[in-house]
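Before any comments, here is the structure.
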Amino acid sequence: MDTDARQPLVVDTGNPEKFEKIPRHIAIIMDGNGRWAQKRGLDRAEGHRAGVQALKPIVKESAKLGVQVLTVYAFSTENWSRPQIEVNALWDLLVEYLRIETPELKSEGVRIQTIGNVDALPSRAQKAIDGAKEDTREQTRMVLNLALNYGGRDELVRAVNRWLDECRPVSRARYVTASAIAEHLDTAGLPDPDLLIRSSGELRISNFLLWQLAYAEIYVTNTLWPDFNPMELRKAIRAYQQRDRRFGGLRE
Ligand code: IPE
Ligand code: IPE
Ligand code: MG
């Protein structure tokens, strides 16, 4: 956590060995918007607005460093239990974010995708998501994966049910395999996250990517999400680069 963010990072030099040092997939739990607002005597919605603003430089920096997938937890299946006014403000912010940022994301080569059950979102949000996905469909530099109405358990249940649907009639049902599950998750086709970042100091996963985080390196910072900036991101990546990833095996 106390690595020097000013040190140069390993960037794409055309040398694949060095390029590997940049996590292919970074997942972020963008937490702490409410506390950020509270500290300033502001409404929680203002914290979320500041949180949305903090995302843009992180997306840009990630693309610049050669990250291939950036997954951000924006709304969990449990976040519906918040006051209706806060939930509405979050969907309004999503719609506004996509309207304003999609053209620039597109010009940066970013493809927008989502995970989570978006069918349950208000229709204005669904429309904005469909438009942003369509507009950026052909971009290949980086995937910005928005986790919306996402829960790891919900995703697993939906994945198994999708698989069962494909197995019908029941007489043809097979035993489920790990790859069958992975291929039916919302993240099908994406590599598992190498690095999980959580802002605001909480030491929990909060139902995020339960399957996919099996071997992710975890980095927690006390910084509240609206204050998280590219320097913080580089600090997290530098910490990641110093980890010894053994995947249950032994060190070389
Ligand atoms: C994260 O910030 C954003 C969402 C969950 C939508 P919080 O709103 O959870 O902020 P804190 O944890 O209350 O500070
Ligand atoms: C996780 O944060 C969800 C998002 C960041 C979208 P929460 O604030 O909802 O998680 P808990 O309640 O602290 O576990
Ligand atoms: Mg929180």
Cα-derived Rg over Rh, computed across the stretch 141-252 with Rh taken as Kirkwood radius: 1.05
Amide proton proximity set for residue 114, modelled H, under 5 Å, gap of 5+: 146
Phi-based couplings in Hz for the stretch 94-107 (Karplus 6.51, -1.76, 1.60; Gly and Pro marked x): 4, 4, 5, 4, 5, 5, 7, 8, 4, x, 5, 4, 4, 5
Cα-only radius of gyration and Dmax that characterise the chain, units Å: 18.6, 61
In sequence order, calculated HN-Hα J values of the stretch 196-213 (Karplus, 6.51, -1.76, 1.60; Hz; x Gly/Pro): 10, 10, 10, 8, 6, x, 6, 9, 8, 8, 6, 6, 9, 6, 4, 6, 6, 7
More than 22 angstrom apart: percent of Cα pairs within the stretch 92-206: 47
Residue among 238, 44, 198 with the largest mean-square fluctuation in a Gaussian network model of the chain, springs linking Cα atoms under 10 Å: 44
For the stretch 193-221 versus the stretch 26-52, the gap between their alpha-carbon centres in whole angstrom: 18
Pairs from 39/235; 64/127; 39/60; 60/127; 60/235; 39/64 whose Cα-Cα separation, in the structure shown, is over 22 Å: 39/235; 64/127; 39/60; 60/127; 39/64
Cα-projected label distance for residue 178 with residue 84, points at 7 Å along beta-carbon direction, nm: 4.6
5 angstrom amide H check on residue 77, placed H, neighbours 5+ away: 150, 151
Relative contact order (percent, whole number), the chain, Cα cutoff 8 Å, 6+ residue spacing: 29
Förster-model FRET efficiency, 25 Å R0, residue 211 and residue 165, C-beta, rounded to 0.05: 0.85
Per-residue ³J(HN,Hα) for the stretch 76-91, Karplus 6.51 cos²θ - 1.76 cosθ + 1.60, θ = phi - 60°, Hz, x for Gly and Pro: 9, 4, 8, 5, 5, 6, 7, x, 3, 5, 6, 4, 4, 4, 5, 5
Nonlocal amide H pairs with residue 28, under 5 Å, H built at 1.01 Å: 71, 72, 73, 197
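Read the figures in this text as sums done on the coordinates, not as results from a lab. Keep in mind the model is a prediction, meaning the values are calculated, not measured. Methodologically, a virtual Cβ is constructed for each residue, glycine included, from the backbone with ideal geometry; neighbour enumeration extends over all protein chains shown.
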